[in-house]
Amino acid sequence: MPPKAIGPYRVLETLGSGGAGTVYRALDRRSNDEVALKLLSTGGPSLDDRAARRLAREFETLADLSHPNVVKVFEAGVHAGQPYLAMELIEGLTLRHYLDVSFNDLHTPTPTPASRFPLTLRRTADDDFGSEDGPDDDADDASEDDGTFDLNAFAEEAPSEDLASFHGAGDDDSDSDGMPGVDPRRAAPRAPQPPRPATPKMADLNRPERMGKLKDAMLQVCEALAYIHGHGLVHRDLKPSNIMVDDDRQVRLMDFGLAKFLADDAGITADGKLVGTYRYMAPEQILGEPLDGRSDLYSLGVILYELMSGRPPFDAKTPHELWRQVLETEPPPLLALNLHGDPQLARVAHRLIRKEPDDRFQTAEEVYEALSE
């Protein structure tokens with residue numbers, strides 16, 4: 001049973017739940033605006049007032065961020081010993097469902113990457129969340145009318161600690177071809193679910209419309225990462241479910257910083273659990289080494305690899321086997337899995353998932369330039 005009110009917000013419904021907390025659709029009683037309200041989980045008893053206020057103050061710094069490709073955080077507070085964040089409510093799809101080959105909207109026109117602004121200009125753009133007209137408003141309206149875009153904005157990958165997310169232990173988070181899907185248990189319970197992705201055929205993965213959408217989305221993610229890295233933040237849990245695409249095809253990066261909150265919570269890490277989603281973890285994150293923006297770039301490479309090939313670069317039945325592969329083995333060449341894949345995107349993906357941070361692209365700006373070639 002959700003709480004009726006959290007701070008100055010009246011809770012309307014539950015949108016989803018995951019390892020970092022529960023997200024509600026809520027109404028700001030001061031302005032009458034709807035927001036997405038994330039009540040953060042501490043994995044145990046409520047924090048004492050001093051610790052909760054400290055965490056809320058840390059998250060208040062997120063409210064100073066303003067970028068078209070980053071979900072806007074309005075404020076942070078504390079409810080019953082649990083920190084919460086009030087955020088922009090996004091209606092859209094996760095990146096995986098946006099690029100799902102079974103959807104019927106792939107025929108709609110897609111902005112070509114060449115038409116995007118240079119990264120340096122877009123990073124200084126005003127706080128204008130989707131006010132510009134899209135490349136084809138009629139096509140977008142049609143997508144909205146047929147239910148393609150809905151409120152599954154906060155569906156999440158299966159939790160990292162759930163062994164059922166690995167092949168052989170269950171099929172909640174994977175399709176028959178090994179391509180991870182969104183765990184239906186994490187979806188907004190009152191919103192219609194998009195259909196589970198069908199087993200993709202390589203010809204479908206390589207369709208020009210889909211590849212145009214993929215490349216444009218990757219460019220926008222690079223812009224978001226360049227912005228948050230420039231503010232000294234590391235996402236730490238970049239994955240398709242933390243990348244939303246709205247009905248104007250605007251990409252939004254969300255939940256950055258929450259993994260650090262979980263990692264800093266002794267109640268969660270006392271038993272030695274890693275924080276993050278195993279499939280997307282960089283080697284240095286598995287080893288518990290200090291992280292910087294290059295760890296996020298590794299995660300971006302995993303996302304690009306699996307969206308191009310229909311399978312993740314490393315696949316295992318247990319977390320320890322997965323970690324061994326990430327640390328010790330090389331992934332199959334992407335173009336051996338997808339013979340007609342885009343060679344430049346494949347080169348970018350492989351460089352991003354190199355084991356040593358120094359061997360990867362060093363900044364999101366560099367990735368942006370490589371994708372634009």
I'm told Thr14 meets every condition in (1) over 25 Å from Ser241 (Cα atoms); (2) modelled with pLDDT under 95; (3) assigned to a strand (DSSP E or B) except one. Can you identify the failing condition by its number?
(1)
Name the strands (runs of 3 or more DSSP E) wholly inside segment 51-139 in which the number of residues that are touching a Lys or Arg at 6+ places or on another chain (Cβ under 7 Å) and either surrounded by 14 or more Cβ atoms within 10 Å (Cβ to Cβ) or modelled with pLDDT of 70 or more (or both) is 2 or more.
82-87
In segment 218-260, anything crowded, with 23+ Cβ neighbours inside 10 Å, modelled with pLDDT of 90 or more and of a type in the set (Asp, Glu) is listed as Glu223
Regarding Ser309, is this residue touching a residue at least 12 places away in the same chain (Cβ under 8 Å), within 17 Å of Leu95 (Cβ to Cβ) and surrounded by 20 or more Cβ atoms within 10 Å (Cβ to Cβ)?
yes
Answer yes if at least one residue in segment 333-340 is buried (at least 22 other Cβ atoms within 10 Å of the Cβ) and over 23 Å from His235 (Cα atoms), and no otherwise.
yes
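Out of all the residues in segment 300-320, is one or more in a loop (DSSP other than H, G, I, E, B) and among the acidic types (Asp, Glu)?
Looking through segment 300-320, at least one residue is in a loop (DSSP other than H, G, I, E, B) and among the acidic types (Asp, Glu).
The values are calculated or read from the model by the stated rules, or taken from the named source; none is laboratory data. Computed from a predicted structure; not experimentally measured. When we count neighbours, we look across all protein chains shown, and the Cβ atoms used for this are built from the backbone with ideal geometry, even at glycine.
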